[in-house]
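Any read-out appearing in this document is the output of simple, stated calculations on the displayed coordinates, not a laboratory observation. Predicted, not measured: the structure shown is a model, and the values here were computed from it. Neighbour counts run over all protein chains shown; Cβ positions are idealised from the backbone, glycine included.
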Amino acid sequence: MRPHRHLRRRRQRRRLLSKRLAQTGYRGHRCARPHEPVVELDCTRAPPDARAFFDAFVRRRRPCVLRGYARTAALGVVSDACGAADPARAWCAALDRAAGPKVVRAEVRERGRFGRGNECQLRVRGFVAEALHRHATGGACRYYLTTQPLAEDAEGRPELCGEPVRSLVRENLFPPTCPLLPSLILANANVWMGCAPAGRSTSSGLHHDFHDNVLVQVCGAKRVRMWDPSATNVLRPAGGRARVHANGRVVYGNERVEADGRDAAAATSLDLHRALDDASDSDDCDALLDAALALEANHEKEPATPLAPGPPNFATRKAPRGLPSYAACYIGPGDALYIPCGVWHEVSSGGGLHAAANYWCHPPDGASFARPYTSSFWADDWARRRRDDPLLKT
C-alpha cells in the first residue's frame, strides 16, 4: 500500500502545483515542462532585426540568448572590451579612464552571496584595482558593483543611470538607450561587476525584475536559471501574495500599478506638470501648483504585507521539484540575454572577474513594435526627459 500512497501524494502535489500556476493573470509564454530549452540566436555576423525580435520574443514574453551580440551591436566600450584579447583588463581600463574618480556604492559579500543589504562607498578606480588584483591572484573581491542610488529631478523623475554608466554615456562611450529594444522606453542602465574565487561562483539569489532586461556579458561567465511569471506565488515572494499582469509585471499591494509599471499618482503628476508648462495665467499656475503639492502630500508608498525582510521580488523558498522551468543557460563575453519582466531567475557568476551591463526598459502591454504601450504615459514622460535631461543631449 505504501508505494500506492506515495504515488497518490505525488499526483496530489502535482495537481496543487498546476492549480497554483493557473491562478495568475499572466498570458505570455509558459514553460510546458521542467528544463525547457531557451531559444538562442546567432548574432556573430549581425544583430537581430529589432522589429522581428519584438514579434518573436518581446511580444510573446519569451527569454532569448543572443550569442555574440555585443560583437556586432553598437555598444561602445562594451563591444570594444568583448572583442579584446583580454576583455576583463580592457573593460577595467575603460572604466578607470571614464569614471575613475567617481564614487560608487558597492555591496559587501557575505558567504558568497550578495543582495543582503551590506554596502560601502568607494571610488571606481579603487574598486577596479581591487577586482583586478583578486582576479590575478585567484581570490574573491569583497565588493560587488550593482545598481546605484538615483537622484530625482524637480518632477520626481529618477535619473537614467548612476556611475559608472553615467560617465560612459557622457563621454559617448555607451549608448543611453537599448539598440535591441528601440521602441521601449528606458527605465535605467547599470553595470554589474565582481570577482569570485577561482573554481567557485557567486549567486544573485532567486528573484524577478520589474522591467524588461537586456543583460550583456562583458567578461567572465554566467549561468542563469529561469521560471516564467506563472510561478510567482508558488515561489512565495518576500513581498507577500502578488498580482501578476498579463505581460508578467508583478505588483505587491498597490492596486494602482498598471501592466507597464505606471501608477495613477504618476500619471496625474505628469498631467499636472504638462499643464504647468502650458499655463499662462498666474491664477491657473497657483491652482495647478496647489494640486501638485496636494498630490505629493497624499501620495503613499506602495502598501504591502511582506513575508520576509528585504526586497519584495526575492523568493523565500526554493523552486519545487517538477516546477516547469527553462533549462539553465550560459553566457560569456559578448553574449546577451533578454529576460522579460516577471521572469524569475537566479544568476550564478563563475570564478574570476565578471562584469555585465544591462538595460531595464518599462514592460510593454501593447501588441505591436510601433506601439508597444497602450498608454501614451511613457512616451510623454520620455519626451519631457529628452527636453530636460542633459545626459540625453550629449
Practice task
Compute the separation of the alpha-carbon centres of segment 168-224 and segment 28-50 and state it in Å as a whole number.
Solution key: 18 Å
Problem - By average C-beta atoms within 10 angstrom, highest first, the peptides 178-191, 134-147 - result: 178-191, 134-147
Handout entry: Burial ordering of K222, K102, fewest other beta-carbon atoms within 10 Å first
Key = K102, K222
Problem - Label-point separation, R89 to L122 (7 Å along Cα→Cβ), nm - result: 2.1 nm
Handout entry: Order of V39, V244 under a 10 Å beta carbon neighbour criterion, fewest first
Key = V39, V244
Completion exercise
The set of residues whose placed amide H lies less than 5 Å from the amide H of V38, leaving out same-chain residues fewer than 5 positions away, is A327
Practice task
Place the peptides 339-351, 73-85, 25-37 in order of packing, highest mean first, counting for every residue the other Cβ atoms within 10 Å and averaging per peptide.
Solution key: 339-351, 73-85, 25-37
Handout entry: Efficiency of FRET between K393 and R27 - r from beta-carbon atoms, R0 45 angstrom, step 0.05
Key = 0.70
Handout entry: Gain in span if fully extended, V38 to R371, counting 0.36 nm per residue against the direct Cα distance
Key = 117.2 nm
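Arranged from highest to lowest average of other beta-carbon atoms within 10 Å per residue, in what order do the peptides 59-70, 207-218, 377-388 appear? Display every interim value, and only then the final one.
Details: 59-70: 21.2, 207-218: 24.2, 377-388: 15.7.
Put in order of decreasing packing, that is 207-218, 59-70, 377-388.
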